[in-house]
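Heads up, the thing below is written out as structure tokens.
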Amino acid sequence: MVASIVGSVNAWFPYGEAGIATGFTMGSMGLGFGLAQAIAVAFAGANLPWYTLTAYTTSVLALAVATVYGITVRDFESRYPGFSKINQIIARDISGQKTADVRRARHAEDYVVPVGIAGFLRTSMFWAMAGFGFIKSSLTCGLALVLPQFLAFETTASLSWGALTSGLAFVTTAAAAPLGGLLSRILFKGLRYPVMCFGAMISAVTLACVGFAHTLPLLLVLYILGYASTALGTGVYWSLSTEIVAPATAPRASALLTAIANMGGTFAPLLLAAIATVGHSYLPCFVILAVLSLIQFACAWYIAR
């Protein structure tokens, strides 16, 4: 679903607005996560079975969203046969050409826009993008696991307080993701990678400082800031995933990168939980996540080149 949504957004919005539009789209997912956390806490004392609570927080809402999406959204090619993206039919057409990131980077003349998934897999750009997305989802899902447990077992905060804090952090992504797209357009003149580098570096610094936070308010500020900075590059990353390949390849490239990112979101919590169990502390998990943020920064820096 995410790949389809990202592909639709980047097809309908021109290059200058695509990062912002994708940021709003992905940020709304964070808002949904936050609302789900709040609903779960609100229903915690209602003695509802887990499957009933799951139905309220996922199934009913998913049915409503699917209905609205099916009624209102149309594939770009069905509306404009022969075209894959809006950039192909407007005056400032850049579709099928090298994106602003690629054109302005050093060695731009060496970059050839790949056609087909096989061609994309043979490029170093694919591996850098895959690494960035894998780590991004690892940070998102890893932090969602680590903080509530860390607050409950290694501070004076309750598990419910940790869940509410996680929900608040998710909500911040609704603002951080479109903000990244806005920074890309206004401050960096359409470049995607500076926002990705900036967000990854802030995440690394804030998560590394968690161990030095001796008060609960400071710890929560660092966590929320680290989570928001992780989301800062969300919109521009998913926009870039459809811009570094030929238009016909963009949906499949986005789907492949989404699948790889989801793998990070699946395995990171399992690995972090195992490390915390062996070490009897969740604090090392923040160090690991900070190191992953540095690797993510390296991926973004390579994309810049």
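The values are calculated or read from the model by the stated rules, or taken from the named source; none is laboratory data. These figures come from a predicted structure and were not determined experimentally. With ideal geometry, Cβ positions are generated from the backbone for all residues, glycine too; neighbour counts draw on all protein chains shown.
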(request) Name the residue, out of 152, 175, that is out of contact with any Phe, Trp or Tyr (no Cβ under 9 Å at 6 or more places or on another chain) and either over 22 Å from residue 264 (Cα atoms) or modelled with pLDDT under 80 (or both). (result) 175
(request) Only helices (runs of 4 or more DSSP H) wholly contained in segment 24-129 count here; list those with 3 or more residues that are farther than 27 Å from residue 250 by Cα, at pLDDT 75 or above and under 21 Å from the mean Cα position of the chain (by Cα). (result) none
(request) Determine whether segment 271-288 contains at least one residue that is hydrophobic (A, V, I, L, M, F, W, C) and closer than 30 Å to residue 83 by Cβ. (result) no
(message) Of everything in segment 166-194, what is assigned to a helix (DSSP H, G or I) and free of Cβ contacts under 8 Å to residues at least 60 places away in the same chain? Give them in sequence order.
(response) 183, 186
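Could you check, for segment 272-294, whether at least one of its residues is out of contact with any Cys (no Cβ under 7 Å at 6 or more places or on another chain) and under 30 Å from residue 11 (Cβ atoms)?
No, that holds for no residue.
Is it the case, given these coordinates, that residue 259 is surrounded by fewer than 15 Cβ atoms within 10 Å (Cβ to Cβ), within 28 Å of residue 125 (Cβ to Cβ), out of contact with any Cys (no Cβ under 6 Å at 6 or more places or on another chain) and of a type outside the set (Ser, Thr, Tyr)?
yes
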(message) For the list (1) more than 25 Å from residue 127 (Cα to Cα); (2) in contact (Cβ under 8 Å) with a residue 12 or more places away in the chain; (3) surrounded by fewer than 21 Cβ atoms within 10 Å (Cβ to Cβ), I need the number of the one condition that residue 246 fails.
(response) (1)
(request) From 227, 302, grab the single residue that is out of contact with any Gly (no Cβ under 7 Å at 6 or more places or on another chain) and buried (at least 24 other Cβ atoms within 10 Å of the Cβ). (result) 227
